[in-house]
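The values are calculated or read from the model by the stated rules, or taken from the named source; none is laboratory data. What you see is a predicted model; the values in this text were computed from it and never measured. Because the Cβ atoms are built from the backbone with ideal geometry, glycine has one as well, and the counts that use them run over all protein chains shown. Just the protein is used for accessible areas: all its heavy atoms, side chains included, with ligands, DNA and RNA removed. Shrake-Rupley method; radii C 1.70, N 1.55, O 1.52, S 1.80 Å.
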Amino acid sequence: MSRSGRRSSARHRAALRFGALVAVVAIAGCGEPNARPDTVSSSTASASPSASPPLATPTMKPTATHNTSQPPPTTASPTPTPPPALAGTPTPALPAPAPEPVASGSRLAGKVVALDPGHNGANAANPGVINAPVDAGGFSKPCNTTGTATDAGYSEAAFNFDVALRARTILERRGARVQMTRGDNDGVGPCIDTRGRFAAEVGADAMLSIHADGSDAGNRGFHVIQPAMRPGWTDDILPASQHLGVAVRDAMVAAGNRPANYAGSNGLTSRDDLGTLNWADRPTVMIECGNMRDPDEARALSSPDGRQRIANGLAEGITAYLTSL
């Protein structure tokens, strides 16, 4: 059977298995539970169950299609909510942020960017939804997780959404059409498979899934997660996603953000167990912007200046990738 035939058959089986779950919620949340014990935790929810047993089907990713009969979904432009104040005297973990990059007319005119703010504000209150198993790329994982938070209670979900809004503002000033997998921080999900398919559904030229990590104190810095080779799932987007990952890494460093001292190599790593990346049919990477469980880094991530520095780097990286095509 041809590859397209295998994908079509797999799509039919996947639709029967997971159609009911997709209907419950409307994007990598990264915060997916690790499938391997030797990978760094990406803000795994304490309420999430252990990894479900592998699924028998599908073994190939269904070919994504873009519905041209309806316009792509649009999202509102809510105002970010400031995080709670942190105790003690703030000690900046990073240098002062560079000014927000100046828009340059229509550099990105005609380009579509998908931004995926990981998790969601009401995930923790809906364990029945986010713990339900979905297909993460030929194996089962929970729909989503709660994400992590600083000791002061600033949630990763709120951080992810704020950074996405800041990056969207820059990209839209440059002429890009930006689509987001969620339009507020008050909902549940979407599930990781829905997040992954979002890029193709809106016709995105690139997708970035935004997260923050929940690792041990002393672990600091960002790392960009590229999809690893998973035949039938990521082979079609692997080279372009690697190109995107390097562009985002380089721009993050240029904006004053430090690569992780505990994960990956020089700010880059790859994983084959993330449903958001496995389901994507467009160049896609995920980023852990920093460690919310380290006190010094938590101060930077909780500050408007720190989040703007990150958004600057993300927008610059996406711009560099899209203008290099």
Counting only protein heavy atoms with a 1.4 Å probe and every protein chain in place, the carbon and sulfur fraction of the accessible surface of the range 107-229 in whole percent equals 46
How would you rank 288-299, 246-257, highest first, on the average number of other Cβ atoms within 10 Å across their residues? 288-299, 246-257
Where the range 250-311 is the region considered: accessible area per residue in Å², 1.4 Å probe: 29
Could you tell me the accessible area of Thr323 in Å² (1.4 Å probe, neighbours in place), rounded to the nearest ten? 80
Contour minus Cα-Cα span, Ala240 to Asp186, at 0.36 nm per residue, comes to 16.1 nm
Could you please put Met229, Met180 in sequence from largest to smallest accessible area, using a 1.4 Å probe? Met229, Met180
Site Asp151, offset 7 angstrom along Cα→Cβ, radius 15 Å on amide nitrogen, limited to the range 265-305, gives 291-302
Counting only the heavy atoms of the protein chains, how much of His119 is accessible to a 1.4 Å probe, in Å² to the nearest 10? 0
Using 0.36 nm per residue of separation minus the Cα-Cα distance, give me the extension gain between Ala109 and Met229 in nm, one decimal. 40.1 nm
Can you sort Lys141, Lys111 by solvent-accessible area, 1.4 Å probe, largest first? Lys111, Lys141
Expected unfolding gain across Asp216-Ala254 under the 0.36 nm per residue rule, minus the alpha-carbon gap, is 11.1 nm
Put Arg174, Arg258 in order of accessible area, largest first, probe 1.4 Å, and you get Arg258, Arg174
Using a simple spin-label model with points 7 Å from Cα along the Cα→Cβ vector, what separation in nm is obtained for Asn266 and Leu325? 2.5
Sorted from largest down, what three extents in whole angstroms do the Cα atoms of the range 197-290 have along their principal axes? 38, 25, 19
